[in-house]
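The values are calculated or read from the model by the stated rules, or taken from the named source; none is laboratory data. Owing to the predicted nature of the structure, the values given are computational and were not obtained by experimental measurement. Heads up, the Cβs are rebuilt from the backbone with ideal geometry, glycines too, and the neighbour counts pull from every protein chain shown.
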Amino acid sequence: MPELSRPGEIARRHDPDRFLCALFAPPARREALFLLIAYNHELARAREAATNPLAALIRLTWWREAVEEAAAGRAPRAHELAAPLHAAIAAGALHAPDLIAMAEAREAEAEEEGFPSTPAFHAYLRGTAGGWCVAAGRALGAPAALLPALQEAGMLYGLAGVLRAAPGLAARGRCLLPADAVEPAAALADPARLAPAIRALAAAAPPAPDLSALPGAAIAAALPLVLARRDLARLARGREARRGLMDRLAVARAGFLAGRQRNRATIRG
């Protein structure tokens, strides 16, 4: 593989799932996906890196304003991702409203009350992980009519990710699961209480969207669904969803099939 750019290095180190998916994007558009992954990483770590919810909101506002300034043609801010992000927006490789929506969706993570219901939890996931798939799909030329399906695919990937991370988050004093699935205070006091809620939320996940009409050139935006299906199936059975070789091979298989079929790809778990 050629030497990676700084966004590519960040993507590979901090988000290996999406990095693998991005490798199946057309070479000319791959860098935009690496940058999108790195940007998403900055948004995702806003709450973890902050000492309190207000500080997290300030970090998210900083990134939203950086995108707005780039869209307005102003000079990039002083950050290693700001200049490439500015250039990608100016070139039309990334869509500024998608990036702003991703930042705004993360604000829910700073709410200390958490999510009151499963529908509210799913809405948050559609804005965060689902927003990434929308932005990636648009960057890869996916038809506008398929962006809602990509958002739903991203939501499922985000759901699997939060469920996988729930025990570790609880050990650090955070619970993102909805209150109608588990009482947050009880889960934080005893993370073992999360297990039934994780199984139930995985088993009740919405159905996977139909992405069979997605052009092969845009398949990288949909490949997280391969991992989501596999993870949710394990979690619904009460198994630990550790990432392994077979998961990566499943992504590779779907990506190679899409590359061969070009204009018609079926996502298989």
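Filter segment 229-259 for residues that are under 14 Å from PRO16 (Cα atoms) and among the hydrophobic types (A, V, I, L, M, F, W, C) and give the result. First the steps, then the outcome.
First pass over segment 229-259, keeping only residues under 14 Å from PRO16 (Cα atoms): 242-245, 247-249, 251-252.
Within segment 229-259, LEU245, LEU249, VAL251, ALA252 meet the criteria.
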Any idea which of ALA160, ALA204 is surrounded by 15 or more Cβ atoms within 10 Å (Cβ to Cβ) and among the small types (Gly, Ala, Ser)?
-> ALA160
Would you say ALA88 is of a type in the set (A, V, I, L, M, F, W, C), over 18 Å from the mean Cα position of the chain (by Cα), farther than 25 Å from ARG174 by Cβ and part of a helix (DSSP H, G or I)?
-> yes
For segment 87-123, the count of residues that are buried (at least 21 other Cβ atoms within 10 Å of the Cβ) and without any contact (Cβ under 8 Å) to a residue 40 or more places away in the chain equals 2
Could you tell me whether segment 105-123 includes any residue that is over 30 Å from VAL182 (Cα atoms), at pLDDT 95 or above and assigned to a helix (DSSP H, G or I)?
-> no
Among the residues listed as PRO167, PRO178, PRO209, the single one being in a helix (DSSP H, G or I) and in contact (Cβ under 8 Å) with a residue 12 or more places away in the chain | PRO167
Are any of the residues in segment 186-200 closer than 25 Å to LEU147 by Cα and part of a loop (DSSP other than H, G, I, E, B)?
-> no
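Kindly indicate the residue of segment 10-53 that is basic (Lys, Arg) and farther than 25 Å from LEU245 by Cβ and also modelled with the lowest pLDDT among those meeting that condition.
Filtering segment 10-53 for residues that are basic (Lys, Arg) and farther than 25 Å from LEU245 by Cβ, the one modelled with the lowest pLDDT comes out as ARG47.
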Cβ pairs under 6 Å, 6+ apart or interchain, first in segment 26-48 and within 16 Å of GLU9 (Cα to Cα), second acidic (Asp, Glu) and crowded, with 18+ Cβ neighbours inside 10 Å, ordered by first then second residue, are ILE37/ASP15; HIS41/ASP15
